Every structure is written in C-alpha cells, then in structure tokens.
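A short write-up of the structure that comes next.
The values are calculated or read from the model by the stated rules, or taken from the named source; none is laboratory data. Every value quoted in this text rests on a predicted model; they were computed, and no experiment measured them. Note that we place each Cβ from the backbone using ideal geometry, even for glycine, and neighbour counts take in every protein chain shown.
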Amino acid sequence: MAKVNSKAVIVILFITVLLGLLYVCQYYRISLSFEETWKTEKEGSQTIRISHSSTDVHLESPPGLKYSQPSIVHGRTDVVTVTPWLAPVVWEGTFNELLLDSIYKKKNITVAATVFAVGKYIMFLKDFLETADKHFFAGFRVDFYVFTDRLNEVPKVNMAAGRTLTVRSVPSSNRWQEISARRMELIQKLIEETFQNHVDYIFCLDVDSKFHGRWGTESLGGLVAVIHPGYYRDNRSRFPYERRPASRAYVAPGEGDFYYCGGAFGGLVQEVHQLAKTCRNNFEDDAKEGIEAAWQEESHLNRYMWINKPSKVLSPEYLWQDFKQRNPEVLLIRFSGVIKNYANIRPN
Ligand SMILES: *[C@@H]1O[C@H](CO)[C@@H](O)[C@H](O)[C@H]1NC(C)=O
Ligand SMILES: *[C@@H]1O[C@H](CO)[C@@H](O)[C@H](O)[C@H]1NC(C)=O
C-alpha cells in the first residue's frame, strides 16, 4: 500500500509541476502579448481612438432651448452647402451658433490649436493669439500649442479663463520648406505624447493670420478641411496639386474634389493623428527619392483629403487672404492671412 501511495504521490506531484509549468508559460505568453498590445497602442492611435470615439456623435440639446425655426426650403441659394459625399460645407447662414454651442457645452469638450512661429514668423504670434482668444471657440476650453525657435520672443498674452498656452521649442531651419515639412511630424508627436485623454479636437493653423469673426463649434467634425480661397471658383485642372506621378502627393488631371488649405485643418484628435502620420511618412518617403511636392505639406494634405474625404468642409470664410477682395458669397471673413513681404520673413 505504502509503495502504491508513494508512486501515486510522485505521479500527482509530476502532474502538478507540469500543470504549474504550463500555467506559468501561458501566463508569460499572455503578459507578453498584453505588453505588445499596450506598446502598439501607445505608439499608434489605438488608445486615443478608444477614449474619444463618441465625441462626434450623439448631439444632445438642452431641453427648453429657444431658437429660430429651421427650414429645408429656405436658406442660402448662392452657394453649395453639401459635398457629393454629403459632408456639410459651412457658410455663414447655414448654422445656429446658440444651438451648436449649447450642444457642445454639454459635452464639455477641449479643443487644442497648434501654431508654428519659427524664425521671423514670431512677429505674427501676438496678433494671432490675441484675436484667437476673442474669436476662436470663445467660451470653450482651448489649449494653444506654440512651436518656436525663439522662446524668449513669445509675447505675453492675457487669455480668458480656461484657455492655456504651451510653448514648445523647435530647431531653426534655413529653408521654409523644411519648417513646413516638419509640422506634420511635430503634430503627430504632440498628439502621441501629450493628448492621450484630455483633448477632443485639434486645429492646426497658420500663424501669419488673424481672426476677424467667429470660428467655433460649427467647425467641429471628424476630419475637417478648409477650402483654399484662391481656387474655389476654378476648374480642378487649374488646382496646384502635385502633378508628378512619382510623388506620393500625386493627383492626376481630372481627379480631386477641392483645393484645400495647408494653413488650416483639424478634427477629432485620432483623425488628425492619422492624417499627420500619413502625410509625414509620404513626405519622408518622397524625400528619400529626392522629390519635394509642389506645395510640401499642402500637397500631401490635398492628396490625403482626396482619398480620406473630410466629414466637414469649411468655406473660404475660414481662411481668406487680406490681399484678396471679398467675394459676394463670402458674407463674413472669420480668419485671414495677413499681407506680408516674403522676402523679409522667409529664411530663403
Ligand atoms: C470638464 O472637463 C474638465 C477637463 O477635462 C474637467 O476638469 C471637468 O471636471 C469636466 N467637467 C465636467 C462637469 O465633467
Ligand atoms: C474642367 O476642365 C476640363 C478639361 O478642360 C473639362 O473637361 C471639364 O468639363 C471642366 N469642368 C468643369 C466643371 O467645367
């Protein structure tokens, strides 16, 4: 009996050890794969996507809010207010500010804005920030991120409550094309490193511009593009897309929707992250083959927006140019590029 018992004990021990080993291996594998997932999530956009996917849907208005009656038979007739893929085109007279603001107040959103003030472009920063404080998402939480190589020339600007300014240092460059090209990389990294859970929307704006009118919740969407003021009445064959098939920014003749601005774009954080990452990679792959797209990041952005249709399109009210006379369909200029002498401000 004793012999049988000790044999049984050995067998049981053996099985226990075997199970234990299996368990440890399994656990190890699980923890390894968990770590891998975590790593890719941290490097990619996974984490961001999960935490903000619901921000852009479910529009809940506060009960009892009084506003003017909407109509589907009366409205703007001088402009097109929807794209062929049914994204709204935002023009003055197509939205109700009070209603939209009430909806987004309930969501308690945070908007980030990036602006690059490299080299002499720092001279535009004060006006940009002061007018942004007044017109850009007034009454909402806005975090401004200024990228500059002239840290001690950043102006002191008093901002309204709930609005912050963060300054990030970037290296100087001898070519404005390079400064423009690196923007996408810096936007990508900013989102990955600092936005993880507290920013819902981001807009990337040109510093050499000023706000003149409201730019607010009507501009919010998944992926948001602004129509360039210089080409919106033209045939697309005249758009300054990159036309060399060797470039990753290539758009063939007879293709493309609109010509969008490189000077203003935005949307949900995860959407803009995807855009910045793609444009950066395409730009860098082009550079390895000695190609620089006609309008650098603007060319890559136009290619991206042609493939990945914006879910909201902002009319040229959202980026006009001071030197251009206002066209009659532009009832209100909200944001506009200032007149400047390129020879004086660009390093090359
Ligand atoms: C709104 O968001 C801010 C910042 O994320 C947070 O501190 C605050 O508690 C939120 N308020 C509500 C009512 O959820
Ligand atoms: C744009 O130009 C092309 C080529 O000249 C022409 O075939 C096309 O019909 C034009 N499109 C519009 C909308 O006028």
Output yes when any residue across the range 266-274 is surrounded by 20 or more Cβ atoms within 10 Å (Cβ to Cβ), under 23 Å from Gly337 (Cα atoms), more than 16 Å from ligand 2 (Cβ to nearest atom) and among the β-branched types (Val, Ile, Thr), and no when none is.
yes
Breaking point among (1) surrounded by 17 or more Cβ atoms within 10 Å (Cβ to Cβ); (2) more than 24 Å from Glu297 (Cβ to Cβ); (3) free of Cβ contacts under 8 Å to residues at least 40 places away in the same chain, for Ala161:
(1)
Which residues, taken from the range 71-95, are within 14 Å of Leu314 (Cβ to Cβ) and among the charged types (D, E, K, R)?
Glu92
When residues of the range 292-312 are limited to those that are of a type in the set (A, V, I, L, M) and touching an Asp or Glu at 6+ places or on another chain (Cβ under 9 Å), the one modelled with the highest pLDDT
Met305
Candidate set from the range 206-234 (those that are charged (D, E, K, R) and not in a loop (DSSP other than H, G, I, E, B)); member that is surrounded by the fewest Cβ atoms within 10 Å (Cβ to Cβ):
Lys210
Out of the range 235-258, which residues are part of a loop (DSSP other than H, G, I, E, B), touching a residue at least 12 places away in the same chain (Cβ under 8 Å), surrounded by fewer than 24 Cβ atoms within 10 Å (Cβ to Cβ) and within 16 Å of ligand 2 (Cβ to nearest atom)?
Phe239, Pro240, Arg243, Val251, Pro253, Gly254, Glu255, Gly256, Asp257, Phe258
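Quick check on this structure: which one of Leu100, Leu86 is in a helix (DSSP H, G or I) and either over 20 Å from Val226 (Cα atoms) or away from ligand 1 (no atom under 16 Å from the Cβ) (or both)? Reasoning before the result, please.
Numbers: Leu86 fails: in a helix (DSSP H, G or I).
Of Leu100, Leu86, the one residue that is in a helix (DSSP H, G or I) and either over 20 Å from Val226 (Cα atoms) or away from ligand 1 (no atom under 16 Å from the Cβ) (or both) is Leu100.
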What number of residues within the range 137-158 are under 22 Å from Tyr318 (Cα atoms), surrounded by fewer than 19 Cβ atoms within 10 Å (Cβ to Cβ) and either in contact (Cβ under 8 Å) with a residue 60 or more places away in the chain or among the β-branched types (Val, Ile, Thr) (or both)?
1
Answer yes if at least one residue in the range 306-314 is surrounded by 16 or more Cβ atoms within 10 Å (Cβ to Cβ), more than 26 Å from Leu190 (Cα to Cα), away from ligand 1 (no atom under 16 Å from the Cβ) and among the basic types (Lys, Arg), and no otherwise.
no
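Of the residues in the range 150-161, how many are closer than 22 Å to Lys210 by Cβ and either within 16 Å of ligand 1 (Cβ to nearest atom) or not in a helix (DSSP H, G or I) (or both)?
Here is the first cut: in the range 150-161, the ones closer than 22 Å to Lys210 by Cβ are 150, 153-160.
Subset that is either within 16 Å of ligand 1 (Cβ to nearest atom) or not in a helix (DSSP H, G or I) (or both): 150, 154-160.
Total meeting the criteria: 8.
In this structure, is Asn348 modelled with pLDDT under 95, in a loop (DSSP other than H, G, I, E, B) and out of contact with any Gly (no Cβ under 7 Å at 6 or more places or on another chain)? Give the derivation first.
Details: modelled with pLDDT under 95: yes; in a loop (DSSP other than H, G, I, E, B): yes; out of contact with any Gly (no Cβ under 7 Å at 6 or more places or on another chain): yes.
Yes.
Tally the residues that are among the polar types (S, T, N, Q) and assigned to a loop (DSSP other than H, G, I, E, B), restricting the search to the range 107-142.
Filtering the range 107-142 down to residues among the polar types (S, T, N, Q) leaves 108, 110, 114, 131.
Those left that are additionally assigned to a loop (DSSP other than H, G, I, E, B): 108.
Matching residues across the range 107-142 total 1.
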Residues to consider are Cys261, Cys279; find the one that is under 15 Å from the mean Cα position of the chain (by Cα) and part of a helix (DSSP H, G or I).
Cys279
Among the numbered conditions (1) within 16 Å of ligand 1 (Cβ to nearest atom); (2) over 30 Å from Ala294 (Cβ atoms), tell me where Ala112 comes up short.
(2)
